[in-house]
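I have placed the structure first, in the form of structure tokens, so that the comments after it can refer back to it.
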Amino acid sequence: MSTIDEFMEALTLEPLGEDRYCATSLPSEHGIVFGGQLLAQSVMAGLAGQDGKTVKTLHTVFARGAQPDTPLDVTVERMHAGRSVASSTVTISQGDTICTRSLVLLSADEDDVIRHADEPRGGSRPEDVAGDIRGEGVWEIGIVGAVDISDPDLVGPAELDVWVRFAGAPDNPATDQALVAYSTDGFLIGTAMRPHAGVGQAQAHQTLSTGVLSHTLTYHEPCPAREWHLLQQVSAYAGHGRSYGRGDIFRANGQLAASFVQDAMIRARSGGAGKL
């Protein structure tokens, strides 16, 4: 149950040299660093030294799990730095083991030539989940319809709408992008499990081996992390021990703020669950 100060500490990269940093991790009940934290830290590393730009797209491949009690080594390789667009590669490792590698595209703000944006489906509002908020510390989560994605006996469509916010998060564009990235990692595996009786996230690391393999996030508009924002998610495919899902993030006023896609692993552990 992390505090906002603990989140900010994990997002603070300690310089070790030119484009090299050290970072700490939030506590983890599974003994593995939550992938959303690594996404958030990759955002912060990509932004370092890129004044006047924000992250446009983050594409991350998860190679190995990271241990929460071991410092993270963060290395940035700057590929291009132009007036309106820049790009970097961010690698997070522990010792000789690479945990994640991200391609970070950054962009300066520009005027519209054309504009359109999707609108959220349905009419859900933050107050609809006010009576059923579960907290991961300051990360407040309200699942529309009170769906329990951990329950293997609960079956429904491969869709999930989740309201989230980080209570007390600072008013800062960089940490806003990092914390929004943090949230996008947590729900698409559970979304893929929903149509399948006898399968739920409670079985992860028990009878099922699950984990994110790659994750791509594109920002469209600013999204203050301290305000409620809606993750509308759908899993279009699951099979061959893998799942694929995508989502959109909408602010409470209905503005589309970001979109993301994820490839993940869902497979039976030895002696575990049967056919998915």
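Laboratory data are not the source of any read-out in this text; all were calculated from the coordinates shown. Everything numeric in this text was worked out from a predicted model, so none of it was measured. Every residue, glycine among them, receives a Cβ derived from its backbone with ideal geometry; neighbour counts consider all protein chains shown.
Taking packing as the residue-averaged number of other Cβ atoms within 10 angstrom, the listed peptides 111-124, 231-244 run from highest to lowest as 231-244, 111-124. Between the range 190-229 and the range 88-138, the C-alpha centres lie 12 angstrom from each other. For a label point 7 Å from the Cα of Thr218 along Cα→C-beta, name the residues of the range 234-273 whose backbone N is under 11 Å from it. Those under the cut-off are 258-261.
Mean residue ellipticity, 222 nm, helices only, the chain: the sum of -39500 (n - 2.57) across DSSP H runs of n ≥ 4, divided by residue count and rounded to 500, is -4000 deg cm²/dmol.
Close amide H contacts of Glu227 (hydrogens built in the peptide plane, cut-off under 5 Å, sequence separation of 5 or more or a different chain): Phe166.
Relative to the current alpha-carbon distance between Thr3 and Asp51, full extension at 0.36 nm per residue lengthens the span by 14.5 nm. Here the calculated FRET efficiency for Ile32 and His116, from their Cβ-Cβ distance with R0 = 41 Å, stands at 0.55, rounded to the nearest 0.05. Note that the range 32-38 has calculated 3J(HN,Hα) couplings of 10, 4, 4, x, x, 5, 5 Hz, one per residue in order, obtained from phi through the Karplus relation 6.51 cos²θ - 1.76 cosθ + 1.60 (θ = phi - 60°); glycine and proline are x.
Largest GNM mean-square fluctuation across Pro68, Pro15, Pro195, computed for the chain with C-alpha springs under 10 Å, falls on Pro15.
For Ala146 and Thr70, a Förster radius of 51 Å and the Cβ-Cβ distance give a FRET efficiency of 0.85, rounded to the nearest 0.05. Which of rounded, prolate, oblate describes the chain, given a ≥ b ≥ c as roots of the alpha-carbon gyration tensor eigenvalues and a/c under 1.5 marking rounded, otherwise prolate only if a/b is larger than b/c? Taking the square roots of the gyration eigenvalues as a ≥ b ≥ c, the chain is oblate.
Near Ile133: Cβ cut-off under 10 Å, other residues only, Lys/Arg at +1 and Asp/Glu at -1. The net charge is 0.
Springs between alpha-carbon pairs under 10 angstrom, Gaussian network model over the chain: which of Ser93, Ser183, Ser28 fluctuates most? Judging by the Gaussian network model, the answer is Ser28. Segment Ala197..Ala108, full-extension length gain: 27.4 nm, with 0.36 nm per residue of separation and the alpha-carbon distance subtracted.
Counted residue by residue at 0.36 nm each, then reduced by the alpha carbon distance between them, the extension gain from Ala81 to Asp19 reaches 20.9 nm.
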